[in-house]
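Single-structure report; data block below.
The values are calculated or read from the model by the stated rules, or taken from the named source; none is laboratory data. Because the structure is a prediction, the values reported are computed rather than measured. Here the Cβ positions follow ideal geometry from the backbone for every residue, glycine too, while neighbour counts run over all protein chains shown.
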Amino acid sequence: MADLQRPIISRIACYGRHLCLLLVTALVSVFGLYTAQANANQLMERKLTLGSITPGATTTHTFNFTYYSATNVGSVRFEYCTSPLPDIPCDAPGGLDLSGAALTNQTGETNFSILSAQPNSIVLARTAAAPTQSASSYTFDPVINPTGTPDTFFVRISTYASEDGTGPLTDFGAVANATTEDVLLSTEVPPILKFCVGLTLGTDCSTADDNLIDLGDLSTSRAAKGSSQMLAGTNADFGLAIAAYGTTMTSGNNTITALANPTVSAPGNGQFGINLRKNSDPPVGEEPSGIGIALPTSRYDIPNKYTFQSGDVVATSPDATDIRIFTASYVVNVPPSQPPGVYTATITYICTASF
Amino acid sequence: MKTLARVVSLLIAAITLLTVSTVHAASNGLGVTPRRDFTIQPGKSVTDTLYISNLSLNQDLQVNLRAVDFGAANETGTPALQLGDNPPQTPWSIKPFIKLTSNTKIAAGKSANVPITISIPANQGAGSYYSAIEYTAVNPETKERVNIAASTASLIFVTVPGDAKEQLTMKQFGAWLSNANKDGNGVFSSMFMSTAPKEFAYRLQNTGNIAEQPSGSMVIKNMFGRTVKEVQDANPRKQLVLIGQTRRIQVCAKTSVLESKDPNGQQTQQSVCDDPGLLPGRYTAQIALFYGINGSSSQEIAAKTSFWYLPWWSLVALGVVILIIVGLIWLIRRAFNGRRTKYRR
């Protein structure tokens, strides 16, 4: 019985060895492929200068770079893509057209002519020769710029020993540039930033016209409270931030201490602070609402804890956000020693785009 | 007759009070262009308009305009406006180059395009220059309550082309774990045990005199070197690194776009980071970023990071597999040992 089993086991072991060998070969092939791709040297001092940066303009594109390798160069490929990485398939930038371009100027390593010109690529070719002038420039004209606003695009530059832009790469490098519209052409162009404040707002800013919050009489035994609302939204990709600027409550030279850190309301102590949450002590405020993604910042996001520091960012959105309504709750406490008087404060909420 | 006189007096008083309150109310709702970018040659000027909309349908908007300087509040893109009485002018300020009206009035529900002219002196060096235009809604103030006011701003960036110093340094690159409360903060991490990393982040320090907008791509490769995820745009929100700032930029491994409409029909697209659907294992992320204004050399920053994605279920599964293998080996050895014993007998 044991004699019967031994050959089976040794056969399994043999298959296992073959399987391992196959696996190792496969891994070596995969790594080998990637190593081969990574073997190209970097072109140095790369630069792309556009004659005009206006989207869709017919202009010149001038490339400057320095050859790194001293081996023969027979062709150079310029490929315009939306990504610089050769690992990512090349997508052509919208509106770009190189198909009518001519090589109008070349310096440094010369004797090139256009072998082929496609809407997003040009191949220059010559009789293969080792570079003697490493710093070179090539100007193409006319080129139709991409049409995005702003539209960053990349050009992958590859050099080859072959004279047709194929085969193994010798040097590789990418350059980036962007088209930008200088002056807006229409009266209302997205993106837009919307912001309003008021005592109570509906689902939009159409009734944003109250600006006075009545806190009633200040007392040493109970907190004075009040609230206002603000609405913010933007379709700009870079998001928004709302900051609160102003002073604590003052009456002549007398002030009520602003809470430097989030603190619970304590009647009988000098306190002035705000937050953007629904509170139970004292009962004031509402939770943020609306389908946007903007949120209160951490210092102003703690129920029943209040703080105020002029210039603090009270809410942010890292991205475009639909409208979001925040309720600011104001809490004021005074100590028995607080001098009597009419106390007032002015708080300006500033909503800006992020960058 | 006396009663009639009283009624008329009360009516007049009521109308007067109503009129007074109407006069005192003012719009606190603004819609503005959030950001404008210009490229202006030294000695040239550009005239454009700034869009301001009065979002109140009931009250006119009296708005004051002024140029203010700003810098970066932190490592995110939040601007810190310099609103003091006489703040020192920043080295990158365009306040002296801006010509702008100081106030305007916009009827309820209407909008206006306010002209702005930016003139760059002929001897101005190449670089980035920026300030903000602040719009403040003017409200009546009382001395008895808390007064609130709405204000917004347009960030204005001007690039003066030429031979500028451009210098970004990669300080950190890695997989990013956002805080659960979505406050925009988080930590770099190289081990993920619940979900695969949805976000990556990099920190760039700008020591040049150009506010740079890096652009590039990122790929994620598995332990065999195969690309499993491509991120075409590694700076999809076109975020800037201001002069002197260290900026953190986050990018989704996989992005989904949510579309929504507000009650007025304005459409907004919100990007959210999705699970990239990685299998358990070790991964490497490579990023290549480019920056440089037109006419300057393209600068490239490349960085690489690695991380493990080992969810609990995969560790449990691995444990079970190891147990099964150990069990099988033990059973086989036991069977062989048993037979040897039999033969010996």
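Figures for the structure shown
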quantity: Qualifying residue in the stretch B:245-259 (condition: hydroxyl-bearing (Ser, Thr, Tyr) and either modelled with pLDDT of 95 or more or not in a strand (DSSP E or B) (or both)); calculated: yes
quantity: All strands (runs of 3 or more DSSP E) inside the stretch A:6-83 with 2 or more residues being more than 21 Å from B:GLN299 (Cβ to Cβ) and either at pLDDT below 50 or not aromatic (Phe, Trp, Tyr) (or both); calculated: A:58-66, A:73-81
quantity: Residue that is nearest to B:ALA107 (Cα to Cα) [pool: residues in the stretch B:45-59 that are crowded, with 17+ Cβ neighbours inside 10 Å and more than 7 Å from chain A (Cβ to nearest Cβ)]; calculated: B:ASN54
quantity: Any hit, the stretch A:64-74, residues being touching a residue at least 60 places away in the same chain (Cβ under 8 Å), within 14 Å of chain B (Cβ to nearest Cβ) and of a type in the set (S, T, N, Q); calculated: yes
quantity: Tally of residues being within 14 Å of chain A (Cβ to nearest Cβ) and over 19 Å from B:PRO280 (Cβ atoms) across the stretch B:183-198; calculated: 4
quantity: Qualifying position, being among the polar types (S, T, N, Q), surrounded by fewer than 22 Cβ atoms within 10 Å (Cβ to Cβ) and touching a residue at least 12 places away in the same chain (Cβ under 8 Å), among A:THR247, A:THR207, A:THR255; calculated: A:THR247
quantity: Residue pairs meeting the criteria (Cβ under 9 Å; at least 6 apart or on separate chains; first in contact (Cβ under 8 Å) with a residue 12 or more places away in the chain and facing chain A (nearest Cβ under 7 Å), in the stretch B:25-38; second among the acidic types (Asp, Glu) and buried (at least 23 other Cβ atoms within 10 Å of the Cβ)); calculated: B:ALA25/A:ASP209; B:ALA26/A:ASP209; B:SER27/A:ASP209; B:ASN28/A:ASP209; B:GLY29/A:ASP209
quantity: Scope the stretch B:86-112; condition assigned to a loop (DSSP other than H, G, I, E, B) and among the small types (Gly, Ala, Ser); matching residues; calculated: B:SER93, B:SER102, B:ALA107, B:ALA108, B:GLY109
quantity: Members of the stretch A:261-283 found to be touching an Asp or Glu at 6+ places or on another chain (Cβ under 8 Å) and part of a loop (DSSP other than H, G, I, E, B), listed by number; calculated: A:SER265, A:LEU276, A:ARG277, A:LYS278
quantity: Residues that are among the basic types (Lys, Arg) and touching a Lys or Arg at 6+ places or on another chain (Cβ under 8 Å), drawn from the stretch B:186-232; calculated: B:LYS198, B:ARG203, B:LYS229
quantity: Residues of the stretch A:90-149 classified as within 14 Å of chain B (Cβ to nearest Cβ), closer than 22 Å to A:THR54 by Cβ and touching a residue at least 60 places away in the same chain (Cβ under 8 Å), total; calculated: 7
quantity: Hits in the stretch A:311-353 (condition: of a type in the set (Gly, Ala, Ser) and more than 7 Å from chain B (Cβ to nearest Cβ)); calculated: A:GLY311, A:ALA315, A:SER317, A:ALA328, A:SER329, A:SER337, A:GLY341
quantity: Scope the stretch A:137-150; condition within 17 Å of A:LYS47 (Cα to Cα) and surrounded by fewer than 20 Cβ atoms within 10 Å (Cβ to Cβ); matching residues; calculated: A:SER137, A:THR139, A:ASP141
quantity: Output for the stretch B:289-306, where each listed residue is on the phi < 0 side of the Ramachandran plot and crowded, with 21+ Cβ neighbours inside 10 Å; calculated: B:LEU289, B:PHE290, B:TYR291, B:ILE293, B:SER298
quantity: Failed item, numbered, when B:ASN74 is tested on (1) within 11 Å of chain A (Cβ to nearest Cβ); (2) in a loop (DSSP other than H, G, I, E, B); (3) of a type outside the set (A, V, I, L, M, F, W, C); (4) farther than 27 Å from B:THR159 by Cα; calculated: (4)
quantity: Failed item, numbered, when A:GLY167 is tested on (1) free of Cβ contacts under 8 Å to residues at least 12 places away in the same chain; (2) within 14 Å of another protein chain (Cβ to nearest Cβ); (3) not acidic (Asp, Glu); calculated: (2)
quantity: Residues of the stretch A:256-301 satisfying the condition of being under 18 Å from B:GLY184 (Cα atoms), at pLDDT 95 or above and of a type in the set (Ser, Thr, Tyr); calculated: A:TYR300
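Quick grid of which residues meet (1) without any contact (Cβ under 8 Å) to a residue 24 or more places away in the chain; (2) touching a Cys at 6+ places or on another chain (Cβ under 9 Å); (3) within 30 Å of A:GLY290 (Cβ to Cβ):
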position	(1), (2), (3)
B:ALA201	no, no, yes
B:THR207	no, no, no
B:MET218	no, no, no
B:PRO236	no, yes, yes
B:GLY244	no, no, no
B:VAL251	no, yes, yes
B:VAL257	yes, no, yes
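Yes/no matrix, rows are residues, columns are (1) assigned to a strand (DSSP E or B); (2) more than 10 Å from every other protein chain (Cβ to nearest Cβ); (3) over 30 Å from B:PRO96 (Cβ atoms):
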| residue | (1), (2), (3) |
| --- | --- |
| B:ILE133 | yes, yes, no |
| B:ALA149 | yes, no, no |
| B:ALA153 | yes, no, no |
| B:ILE156 | yes, yes, no |
| B:THR159 | yes, no, no |
| B:ALA164 | no, yes, no |
| B:MET170 | yes, yes, yes |
| B:ASN181 | no, no, yes |
| B:MET218 | yes, no, yes |
